[in-house]
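Notes to accompany the following structure.
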Amino acid sequence: MSQPWFQKKPRISTAPVPEAQADAASSRMEGLWHKCDACDEIVLREEFEKNSNVCPACGHHMPWPARQRLEALFDEGTFEEFDTELEPVDALGFVDSKKYKDRLKSTRKALSENDAFISGVGEIDGRKVSVGCFLFEFMGGSMGSVVGEKVTRVFERALGLEIPAIVFSSSGGARMQEGIFSLMQMAKTCAAINRFREIRQPYISVLLHPTTGGVAASFSWLGDVMLAEPRALIGFAGPRVIEQTIRQKLPEGFQRSEFLLEHGMIDAIVQRKDLRAKIVQVLGLLAH
């Protein structure tokens, strides 16, 4: 008797994967890959991080943690952080959708940072500099009284040591929860830069995405040399606010670093991988 050409095989029963286990596996896989915000290319996260959070496919510059940026900038083991004891307070008892003091507490806990700015001194190619860098992930890099004080101390420290100053800006502007105390920092930081000018050392301002509001309207625009990363949004008010105010359509790429370079507002656009070398070059030309 011949065998039938088709034979149904018995089903193999499998135990269902627990939901928690499935979620954990999915989370692990997501952690291995990164999707570019610009070109939607999916690349290994390890490759993405090795490339300083720049997409290897299209060159789009995505946010880069401030501490990693400083680690890549300075000679190994030379950076010393200052002003870590400074913490913002809720002087106005401000409440919006959440109490300001509670917002500060939860953000500190999540990021293990006291505020939106890191300041210190280190060496770049053997040359000592005073530096500050914004943490945009801390309340949008907003400038309150503590951030303003830290920025001021970057220039006061540079003045006292007679060394160059560098500030990496990435901010949504003045911190509304501190009201007039935050707006006062604009004049305070500009006055510190004016005193710093006495020693005739360079101030390099590096504009990251985004640099807006009161930060853009004060110390960020006062650099002796103005550098920016590609496609960074830089300006006081956002494009949508300006369009609604003047009731006109803005030019393509308005307020992006390429537009500002074309109109003489900044000195150079520098790829992230080339930034340390460019800063070394500028310091070699202008510092003494």
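Throughout, read-outs are computed from the coordinates displayed, never taken from laboratory work. Source: prediction; values computed, not measured. So basically every Cβ, Gly included, is an ideal-geometry build from the backbone, and we count neighbours across all protein chains shown.
Given their separation in residues at 0.36 nm each and the Cα-Cα distance between them, Ser106 and Glu87 gain 5.5 nm when the chain is fully extended.
Local charge for Arg231 was computed over the other residues whose Cβ lies under 12 Å away, with Lys and Arg +1 and Asp and Glu -1, and equals -1. In a reduced charge model with +1 at each Lys and Arg Cβ and -1 at each Asp and Glu Cβ, region 61-208 shows a dipole moment near 460 debye about its Cα centre. The overall shape of region 156-279, judged from the alpha-carbon gyration tensor, is oblate: a/c is not under 1.5, and a/b is no greater than b/c. Across the cross-link table entries Lys128/Lys278; Lys109/Lys150; Lys35/Lys278; Lys35/Lys99; Lys50/Lys105, which are compared at the Cα atoms, the separations over 25 Å belong to Lys35/Lys278; Lys35/Lys99; Lys50/Lys105.
Dipole size of the chain about its Cα centre, with +1 on Lys/Arg Cβ and -1 on Asp/Glu Cβ: approximately 740 debye, rounded to the nearest 20. Of all DSSP beta bridges confined to the chain, the antiparallel ones make up roughly 45%. If you take the square roots of the eigenvalues of the alpha-carbon gyration tensor of region 91-136 and sort them as a ≥ b ≥ c, do you get rounded (a/c under 1.5), prolate (a/b over b/c) or oblate? Taking the square roots of the gyration eigenvalues as a ≥ b ≥ c, region 91-136 is prolate. When each of the peptides 176-188, 74-86, 251-263 is scored by how many other beta carbons lie within 10 Å of its residues on average, the order from highest to lowest is 176-188, 251-263, 74-86.
Binning all Cα-Cα separations of region 72-117 at 5 Å, short to long from zero, yields these whole-percent fractions: 5, 17, 21, 19, 16, 8, 6, 6, 2. The helix-based estimate of mean residue ellipticity at 222 nm for the chain, built from -39,500 (n - 2.57) per DSSP H run of four or more residues and divided by its residue count, is -10500 deg cm²/dmol to the nearest 500.
Enter the Cα centre distance for the pair region 63-77 and region 245-262, rounded to the nearest angstrom. Cα centroid to Cα centroid, the span is 31 Å.
Please work out which option in (1) 24.5, 82; (2) 24.1, 106; (3) 21.2, 73 gives Rg and Dmax of the Cα atoms in Å calculated from these coordinates, and answer with its label. For Rg and Dmax of the Cα atoms in Å, the calculated option is (2). Counting only cysteine Cβ atoms and a cutoff under 4.7 Å, the chain contains unmatched residues Cys133, Cys190.
Straight-line cross-link partners of Lys188 among the aspartates and glutamates, defined as a Cα under 16 Å from its Cα and at least 8 positions apart when in the same chain: Glu149, Glu156, Glu178. Hydrophobic, long helices, defined as DSSP H runs whose alpha-carbon span along the helix axis is 18 Å or greater and whose mean Kyte-Doolittle value is at least 0.0, occur in the chain at 145-161, 180-196.
Report the residue, chosen from Leu32, Leu161, Leu73, that carries the largest GNM mean-square fluctuation when the chain is represented by alpha-carbon nodes joined by springs under 10 Å. Answer for the Gaussian network model of the chain: Leu32.
Here the extension length gained between Leu261 and Glu137 equals 42.0 nm, from 0.36 nm per residue of separation less the Cα-Cα distance.
Close amide H contacts of Phe254 (hydrogens built in the peptide plane, cut-off under 5 Å, sequence separation of 5 or more or a different chain): none are found.
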